[in-house]
1. Which is in a loop (DSSP other than H, G, I, E, B), in contact (Cβ under 8 Å) with a residue 40 or more places away in the chain and either loosely packed, with under 15 Cβ neighbours inside 10 Å or of a type outside the set (Phe, Trp, Tyr) (or both), of 121, 97, 85?
2. Taking residue 149, is it free of Cβ contacts under 8 Å to residues at least 40 places away in the same chain, small (Gly, Ala, Ser) and either in a loop (DSSP other than H, G, I, E, B) or under 26 Å from residue 81 (Cβ atoms) (or both)?
3. Can you name the residue in the stretch 1-56 that is aromatic (Phe, Trp, Tyr) and not in a loop (DSSP other than H, G, I, E, B) and is also surrounded by the most Cβ atoms within 10 Å (Cβ to Cβ) among such residues?
4. Scan the stretch 55-73 for residues that are in contact (Cβ under 8 Å) with a residue 24 or more places away in the chain and in contact with an Asp or Glu (Cβ under 8 Å, 6 or more places away or on another chain) and report the count.
5. Would you check if residue 143 is on the phi > 0 side of the Ramachandran plot and either crowded, with 19+ Cβ neighbours inside 10 Å or more than 12 Å from the chain's Cα centre (by Cα) (or both)?
Amino acid sequence: MTRLLLRGFDIRKGYLDSPAQTRLIAALRPVLKAAPLFRPTTASGKEMSVRMTSAGALGWVSDKGGYRYEPAHPKGIAWPAIPDDVLAIWRDVAAADRLPDCCLINYYGEGSRMGLHQDRDEADFSWPVVSISLGDDALFRIGNPTRGGKTESVWLNSGDVVIMGGPARLTYHGIDRIRFGSSRLLPKGGRLNLTLRVAT
């Protein structure tokens, strides 16, 4: 594992080896079956290029009602529990006294991206956000605490973990693009990004 510190982002390159990644995908399959991926829209009604779902007591949703956490999937079913293998990563890297109550799961297919944004729908920004990359490589862009200014980018690979805490907690960040088909972890290609959050 290689550790990279970039604008306060703690990037653990190669944190998960290949067998650990495979185990994590197996643990996520029941979650994705119980709470299927859906394509959200922004508050302005624009459809996002990623599909998403969640695990935990709360899940992050986006629609014309805005960005928020909800206790149920848009289909009305309760979110499944966060798998133990995922929680083990939080326990190891987050240095936090409590467990996350949301694991947001984003799926990036060919052509998917995520514009620069802040994670600010949580009640307490003192808790970190932990991001886990699985599957295809993704170009991760890091901005500033406010919009504008110079940015820096780094490729995230399958098995990388990023801890966003402290000064980096409200820094703008996003995914410019993925290298579709660069990983064989997901049978149909693409990237799964898990973000563990303390929402309440």
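1. 121
2. So residue 149 passes the test.
3. Applying the filter and picking the extreme gives 9.
4. Total satisfying the criteria: 8.
5. For residue 143, the condition - on the phi > 0 side of the Ramachandran plot and either crowded, with 19+ Cβ neighbours inside 10 Å or more than 12 Å from the chain's Cα centre (by Cα) (or both) - is not met.
Bear in mind that the values in this text are calculations on the coordinates, not laboratory data. The shown structure was predicted, so the numbers you read here are calculated from the model rather than taken from an experiment. FYI the Cβ positions are ideal-geometry reconstructions off the backbone, even for glycines, and counts take in every protein chain you see.
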